[in-house]
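The values are calculated or read from the model by the stated rules, or taken from the named source; none is laboratory data. This structure is a prediction, so every number in the text was calculated from the model and none was measured. For neighbour counting, all protein chains shown are included, and Cβ atoms are generated from backbone atoms with ideal geometry for every residue, glycine included.
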Amino acid sequence: MSAQQVLFYLFAAFAVVSALGMVLNVRNTVAAALSLVVTMVALAGIYVLLEAHLVAAIQVMVYGGAIVVLFLFVVMLLNLRSDAFAPGRARLQKLAGALLGIALLAQIVRSSVALPAAPPVPPGFGGYRQLGIALYTDYVLLVEIASLLLTAAIVGALILAKRKID
Amino acid sequence: MIPLDHVILLSAILFGIGVVGVVTRRNLIVVLMSIELMLNAVNLAFIGFNRLWPGQPGQNALDGQVFVLMVITVAAAEVAVGLGIVISMFRNRDSVDIEEVSLLKW
């Protein structure tokens, strides 16, 4: 087993364990958000192993930096009591949810086919230069739509979180 | 070389965990986090398949990675709006329990 494979399985184990920690942690929402950071960073490591270098950097900056900090900020702003979500109610619903997840996973695994080995990558694959060229030539309309979407999201979030709309 | 089957399997596992989180948890913030987890699982599948078909030399095929960047953009927008909704819900109901907002539920 090569060093890349060892790193991949290590990152994969980190990602799965911390994702489970996020979902199963009913006591502490802050700890759940920090588990989410571990998942994001482990996924960024896997992206590097898959030759997606720029996406890995953006993953760490946007997910590990901005999005989770936003989550933590809201959790701490609302100052939720830790016993507000005691388990016990709607046990049937929980069981059904877990069964649904397992069934979905089983279906995906059953319908998956054996993939061929990955070919060698062309030079510059996944770097900022090639990705930038792709973004600003073939996908320039997508970039413009994304900027419009972000503007709309900022305005919408401001309106929603405002105390009183005059 | 990383076996791509296992990358897709990891993506499926993370997506399954995200689904379970969305369906079973009652804390709206954790539900949003689980949605983020599902989006990340899809991103991982995109990156894995892009690694499988990387294009020829001089003609890189980076469609999967471009799509991942767009998913990250949409996720950021979704979190901003979603947390705005959480804050306004907390202001009105003094709770972030999704059982409290079942007015539109059949």
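Within the range A:104-124, the set of residues being farther than 19 Å from A:Ala52 by Cβ, surrounded by 12 or more Cβ atoms within 10 Å (Cβ to Cβ) and of a type outside the set (S, T, N, Q) comprises A:Leu104, A:Leu105, A:Ala106, A:Ile108, A:Val109.
Farther than 30 Å from A:Asn79 by Cβ and either among the β-branched types (Val, Ile, Thr) or under 12 Å from the mean Cα position of the chain (by Cα) (or both), is that true of B:Leu44?
yes
Any residue at all in the range A:32-45 that's in contact with an Asp or Glu (Cβ under 8 Å, 6 or more places away or on another chain) and either assigned to a helix (DSSP H, G or I) or over 26 Å from B:His6 (Cβ atoms) (or both)? Step through it out loud before you land on a result.
In the first step, residues of the range A:32-45 are kept if they are in contact with an Asp or Glu (Cβ under 8 Å, 6 or more places away or on another chain); the result is A:36.
Still in the list and also either assigned to a helix (DSSP H, G or I) or over 26 Å from B:His6 (Cβ atoms) (or both): A:36.
Yes, because at least one residue in the range A:32-45 is in contact with an Asp or Glu (Cβ under 8 Å, 6 or more places away or on another chain) and either assigned to a helix (DSSP H, G or I) or over 26 Å from B:His6 (Cβ atoms) (or both).
When only residues in the range B:82-102 that are in a helix (DSSP H, G or I) and more than 10 Å from chain A (Cβ to nearest Cβ) count, which is surrounded by the most Cβ atoms within 10 Å (Cβ to Cβ)? Among them, the one singled out is B:Ile98.
Pairing each residue of the range A:1-22 that is without any contact (Cβ under 8 Å) to a residue 24 or more places away in the chain with any residue that is of a type in the set (Lys, Arg) and buried (at least 17 other Cβ atoms within 10 Å of the Cβ), provided the two are 6+ apart or on different chains, yields no C-beta distance under 8 Å. Is at least one residue of the range B:50-73 at the interface with chain A (Cβ under 7 Å from one of its Cβ atoms), outside any helix (DSSP H, G or I) and among the basic types (Lys, Arg)? No, that holds for no residue.
The single condition among (1) at pLDDT 90 or above; (2) surrounded by fewer than 20 Cβ atoms within 10 Å (Cβ to Cβ) that B:Leu14 does not satisfy is (2).
Residues considered: A:Gly45, A:Gly127, A:Gly97. Of these, the only one that is over 26 Å from A:Leu10 (Cα atoms) and surrounded by 15 or more Cβ atoms within 10 Å (Cβ to Cβ) is A:Gly97.
Checked against the criterion of being touching a strand residue (DSSP E or B) at 6+ places or on another chain (Cβ under 7 Å), part of a loop (DSSP other than H, G, I, E, B) and not β-branched (Val, Ile, Thr), the range B:1-8 has no qualifying residue. Return the pair list, or none, for Cβ contacts closer than 9 Å from residues in the range B:11-32 that are free of Cβ contacts under 8 Å to residues at least 24 places away in the same chain and closer than 16 Å to B:Asn43 by Cβ to residues that are charged (D, E, K, R) and part of a helix (DSSP H, G or I), at least 6 apart or on different chains. So the pair list comes out as B:Gly18/B:Glu36. Quick one: in the range A:136-166, of everything that is basic (Lys, Arg) and more than 8 Å from every other protein chain (Cβ to nearest Cβ), which residue is nearest to the chain's Cα centre (by Cα)? Across the range A:136-166, the extreme among qualifying residues is A:Lys162.
Could you tell me which of the residues A:Leu34, A:Leu20 is buried (at least 16 other Cβ atoms within 10 Å of the Cβ) and facing chain B (nearest Cβ under 10 Å)?
Within the list A:Leu34, A:Leu20, the selection yields A:Leu20.
The condition of being under 24 Å from B:Val74 (Cβ atoms), in a helix (DSSP H, G or I), of a type in the set (A, V, I, L, M, F, W, C) and at pLDDT 85 or above does not hold for A:Leu99.
From the list A:Ala118, A:Ala134, pick out the single residue that is among the aliphatic types (A, V, I, L, M), at pLDDT below 90 and not in a helix (DSSP H, G or I).
Residue meeting the stated conditions: A:Ala118.
Is there a residue being modelled with pLDDT of 80 or more, part of a helix (DSSP H, G or I), more than 23 Å from the chain's Cα centre (by Cα) and facing chain B (nearest Cβ under 7 Å) anywhere in the range A:66-75? No, that holds for no residue.
Evaluate the following for A:Val55: is it more than 30 Å from B:Pro54 (Cβ to Cβ), at the interface with another protein chain (Cβ under 8 Å from one of its Cβ atoms) and either in contact with a helix residue (DSSP H, G or I) (Cβ under 6 Å, 6 or more places away or on another chain) or not in a loop (DSSP other than H, G, I, E, B) (or both)? Answer is no for this residue.
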